[in-house]
Every structure is written in C-alpha cells, then in structure tokens.
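A.B. asks: One structure coming up, written as structure tokens, with questions to follow.
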Amino acid sequence: MPDSQPQQPHSSSSSSSSAPASSGDPAALLLCGARLTDGRTVDVRLGGGRIEAVGTVGSLSAYATHVDLSGYLLLPAPAEPHAHGDTALSADVDGPVSYDPQDVQRRATEAALLQLGHGATALRSHVRIGDVPGLGALAAVLQARRALRGLAELSAVAMPRVLTGAAGADGLAMLRDAVKMGASVVGGCPDRDPDPTGYVEAVLEVASEHGCPVDLHTDGDDPARLARLAAMAGGLRPGVTIGPCGGFGRLPAEVASRAADQLAAAGVTVACLPQGGCGGAERRATAPVRLLRAAGVRVAAGSGALRDVSNPVGRGDPLEAAYLLASRHGLRPEEAYDAVSASARAVLGLPEVRVEAGFPAELLAVRGDRLADALSLAYSRIVVHRGRVVARTSAVREYCNTPAVAALDLPRQGRTAPS
C-alpha cells in the first residue's frame, strides 16, 4: 500500500522576500492562527519534521504552504499505546477470525489509518504469535508498518501464548525469531501460562538479550504476582509496561496502594484502557488511575479492542480515552490528555512533543477553544506527522432557520451561512 497524499486543508502557497533561509524548504508548513492551551493565538512554522518557530499571528513570513487553523486548538499529537491490529475490524466475520496474512495486513492497515484520523501518529500493536497464526500475523503487521511509513509510526509487540514447560520451548524460540523479524517489543499474557512468574522471567530474558522494551497483558488482580513482576522488572531498560490491569481496582485499597508503590519504585508503566479491557465484556474494568498516579506510577491510556469480538463498537479514539478518564475517573482535562499524549509517547519510546521551537512536528488540531472542548466535542481534526498534514476530518453542523437559532447566532462549521 503506497503512501497517500492527503489534501491539505484551507491551504495556499505564499512567499515573502523577507523569509529566512530555512523557509526555502518546499515541504515547509505554516500553521496560521492556532490557539494554544495557554490561551495564546499563534502561527507555527514547521520544517524538516520539526517545529521551527512559534510566533504571534502574522510574524512568521515564510515560503511555505499555509494552513488556516482559526478556531482550532493545537495540541501535541496523541499516541496509541495498546492496540490489536491483527484482530481489529473482525467483529462481523462469520466463524473464526482469519489469520491469512493478506487479511491481517488489510485489517492492521485500515485500523491504523482509522486511529491516525483520530490523531494518533504513533501506535503500538500487540500481535499473537504461535498457535494458528504462527509468525504469519506478525509478518503481516510488519508489512502494514512499512506501508504506513510517512503516515504513522506502527510498532509491533510479539505475544506468545505459553513460554514455560515442555510446551513453552517452541514459544520461546518463536519469540526470539519474532524479534529477529522486526518485532520491536516483547510481551504476552503471563496470566494464561501455567507458570506466570516463569513466563515473565522468560520475556525479560529475551528483552535483556535484544535490548527491547517489554509490554505484558495482565489483569493485575494478584498482588503477589505484581510484587514479583516489580522485583524482576526494576532497572530493566528501555522499560516495562503492563496493562490493562482492570483487576487492580478490585484489590482492597491498602493492598492496591502497596502494589502501586512497588510498581512506581520499579519504574513500571501501566497502560490502562478506559473503555474497558480487551478480553470481552466480563473483563471491562479499568485500572485505578488516580491511585496509580498518586503513587507515582506513569499511567498511559489506550483504546484496546477496535471492533473485534471483544468490543464490536470500539472506536480506537485517543480523545475518547481521555474523555473517559476525565468524566469517569475525575482527572483534570490536562491530566487526561497527558495519558494519551506525553505518557503514551513515553511508553513507545518517542521524544516529547511541545508546541515550541525544536520539538517534533507531531501535532493535532481540534476545533475548539479549550482542552475540555476538545475532549467533549472533538469532531473536526487535522493531523500532522513529521511536519505535514496526513489526515483531516471535517464536521459540518447546521440548524434549520428559526428565530431561536438566529438569535443565538450558532456557528455553521465548514460552510457559509445559507442565504
């Protein structure tokens, strides 16, 4: 699948004899009239995949394509730390999910593009290896990653089923082969292995051999297992993530607090799923986000299942995840958005993004004036990856002409007012 060239919104080319030398880049982009979360309205110049300058409106004359962001809030782009591209968009399939490589590649690519449209310019997809899919599903997701280059960053987590005992030898060999193929993260579900502690030890050993991060599925309902995991994971670089940890919230408060302290001390990140778990409706609990944050645990938020048998109505929208953290878990909008942006990018090992000169040009523009607006009514979005617009979603809201509507002068997005 070749890289596409999405149309850039509200854009026009302009030049100025006073433009700095760096603005001669034909790929330079000038985002005009964007509102920042601190209330300022600014122009932002992008070039070479980074933010070159942020200035007052009209101050950044440049040879560049102009994108009008009047009425938009400009944010660091979110990232998706917990996706399942190999099974995404399979809810309506009759019978077992197909693991034919072409089917997996199509689903993984389409799912990533859907999430890119929501704003996620980087995604981590957990992929089953062994059993029916063997290494075929992983190969398909890696092919999707290559096809998406230039649009979004897609990384794969290799998830073997069993790693201990006689049956685990094949899984361990396959896990090592998966890393050699291109899986950049090792993981799996220790809760389903006859020896969960042995499973974690095996994953950490492979991660240490190859210098890979670890991302493990666990319900988090066994404090003894959590303590052992924290003890083993402490000091491992480039890091350990666990999730979705829905069972963590069912632990007694004192026990949960002690476990959270242990995870924080070990530097373990929790990737929660505010819409619920990815293993079926009976496991839809969410990790105790506020307790974890209070203990100093980094908490990222993901989307999990995207229209598969676990959740046939999953949206894969990071702003929905942030909305749920704010509405159901009491986080401030800024804290909720951090979980799907800065913290999620940290899980993926990506550099920090700020709307400041020198930072990566990974940005999301959402129609609205404040972050709370973006989390509640984020219909129109413009997505920037590596300094260029890669996706745009436009919403048009119109009302019939009545005296009440006329008196309120309600906005009609995207179209001129009817005559």
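The values are calculated or read from the model by the stated rules, or taken from the named source; none is laboratory data. If you're wondering where the values come from, they're calculated on a predicted model, not measured in any experiment. So basically every Cβ, Gly included, is an ideal-geometry build from the backbone, and we count neighbours across all protein chains shown. Keep in mind that these areas ignore ligands, DNA and RNA; they rest on the heavy atoms of the full protein, side chains included. Shrake-Rupley method; radii C 1.70, N 1.55, O 1.52, S 1.80 Å.
A.B. asks: Does the range 161-183 include one or more residues that are of a type in the set (A, V, I, L, M), within 15 Å of M232 (Cβ to Cβ), assigned to a helix (DSSP H, G or I) and in contact with a Lys or Arg (Cβ under 9 Å, 6 or more places away or on another chain)?
C.D. replies: Taking every residue of the range 161-183 in turn, none turns out to be of a type in the set (A, V, I, L, M), within 15 Å of M232 (Cβ to Cβ), assigned to a helix (DSSP H, G or I) and in contact with a Lys or Arg (Cβ under 9 Å, 6 or more places away or on another chain).
A.B. asks: Can you name the residue in the range 339-373 that is part of a strand (DSSP E or B) and in contact with an Asp or Glu (Cβ under 9 Å, 6 or more places away or on another chain) and is also nearest to A322 (Cα to Cα) among such residues?
C.D. replies: Ranking the qualifying residues of the range 339-373, first place goes to V366.
A.B. asks: Hey, among the residues in the range 61-89 that are buried (at least 22 other Cβ atoms within 10 Å of the Cβ) and more than 26 Å from Y337 (Cα to Cα), which one's farthest from the chain's Cα centre (by Cα)?
C.D. replies: The extreme case among them is A62.
A.B. asks: With A287, A300 as the choices, which residue is in contact with a Phe, Trp or Tyr (Cβ under 6 Å, 6 or more places away or on another chain) and touching a residue at least 60 places away in the same chain (Cβ under 8 Å)?
C.D. replies: Within the list A287, A300, the selection yields A287.
A.B. asks: Please determine whether any residue of the range 15-25 is buried (at least 19 other Cβ atoms within 10 Å of the Cβ), modelled with pLDDT of 90 or more and either farther than 19 Å from G119 by Cα or touching a strand residue (DSSP E or B) at 6+ places or on another chain (Cβ under 7 Å) (or both).
C.D. replies: Looking through the range 15-25, none of the residues is buried (at least 19 other Cβ atoms within 10 Å of the Cβ), modelled with pLDDT of 90 or more and either farther than 19 Å from G119 by Cα or touching a strand residue (DSSP E or B) at 6+ places or on another chain (Cβ under 7 Å) (or both).
A.B. asks: Has the range 116-133 got any residue that is at pLDDT 95 or above and surrounded by fewer than 19 Cβ atoms within 10 Å (Cβ to Cβ)?
C.D. replies: Looking for residues that are at pLDDT 95 or above and surrounded by fewer than 19 Cβ atoms within 10 Å (Cβ to Cβ), one finds at least one in the range 116-133, hence yes.
A.B. asks: Taking the stated definitions as given, is Y379 of a type in the set (S, T, Y) and not in a helix (DSSP H, G or I)?
C.D. replies: yes
A.B. asks: Failed condition for V309, given (1) open to solvent by 50 Å² or more (accessible area, probe 1.4 Å); (2) touching a strand residue (DSSP E or B) at 6+ places or on another chain (Cβ under 9 Å); (3) in contact (Cβ under 8 Å) with a residue 12 or more places away in the chain, with all others met?
C.D. replies: It fails just one condition, (2).
A.B. asks: For residues that are in contact with a strand residue (DSSP E or B) (Cβ under 6 Å, 6 or more places away or on another chain) and open to solvent by less than 20 Å² (accessible area, probe 1.4 Å), scanning just the range 167-184, find the one that is farthest from E209 (Cα to Cα).
C.D. replies: G171
A.B. asks: G277: surrounded by 21 or more Cβ atoms within 10 Å (Cβ to Cβ), within 21 Å of D338 (Cα to Cα) and at pLDDT below 95, yes or no?
C.D. replies: yes
A.B. asks: Does A111 satisfy the criteria of being touching a residue at least 40 places away in the same chain (Cβ under 8 Å) and in a helix (DSSP H, G or I)?
C.D. replies: The answer is yes for A111.
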